[in-house]
1. Select, from Met78, Met52, the only residue that is of a type in the set (A, V, I, L, M) and more than 23 Å from Asp14 (Cβ to Cβ).
2. I'm told Leu90 meets every condition in (1) in contact (Cβ under 8 Å) with a residue 40 or more places away in the chain; (2) part of a strand (DSSP E or B) except one. Can you identify the failing condition by its number?
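Since every read-out is calculated from the coordinates, none of them should be taken as a lab result. Keep in mind it's a predicted model, so treat the numbers as computed, not measured. Heads up, the Cβs are rebuilt from the backbone with ideal geometry, glycines too, and the neighbour counts pull from every protein chain shown.
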Amino acid sequence: MQDWITRADALEIDTRDFVLKRAHQTLRDVMWEGRYDICEHAIQHARAQGFMEPDIVQVLHTGRIRAVYPQDRRWLVMGYFHSVNLKLPLHVVVDFHHKDHWIDVVTAYVPRNPHQILSRSRVALMLRFDNGQVKTKQVRPGAQKGKWKRSS
């Protein structure tokens, strides 16, 4: 069981250049043909964060794929949108249907740290529809054990 978890974690995010380039070309082809749909969740999230559907489409046309999630067939696309006189980063998560060459925009958000690539668990947390409370645990520093000692 432990070996399976390790293998799954290793395949969680793919950022190899040739994978990103191939996904980027596929994204361009699909967008050129107009084979995409923006999910209701993405629209609601966009309006809550202060951007609109055309901003999402603009990022899909002009943005870069930063990460591929092979297990979910999802891509993280990073781009920018303009709000008043500001250029703000925007991340869009798309679900790619390989058989149909179709893209569903799952969610879009303004990232706190624009160059951070999210794990599958963080994306899953953003996509929760049940509004349930997520159990968290805050770790506090211990009793000063395990600290580095100065050499004399």
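1. Numbers: Met78 fails: more than 23 Å from Asp14 (Cβ to Cβ).
Criteria check complete, one pass: Met52.
2. (1)
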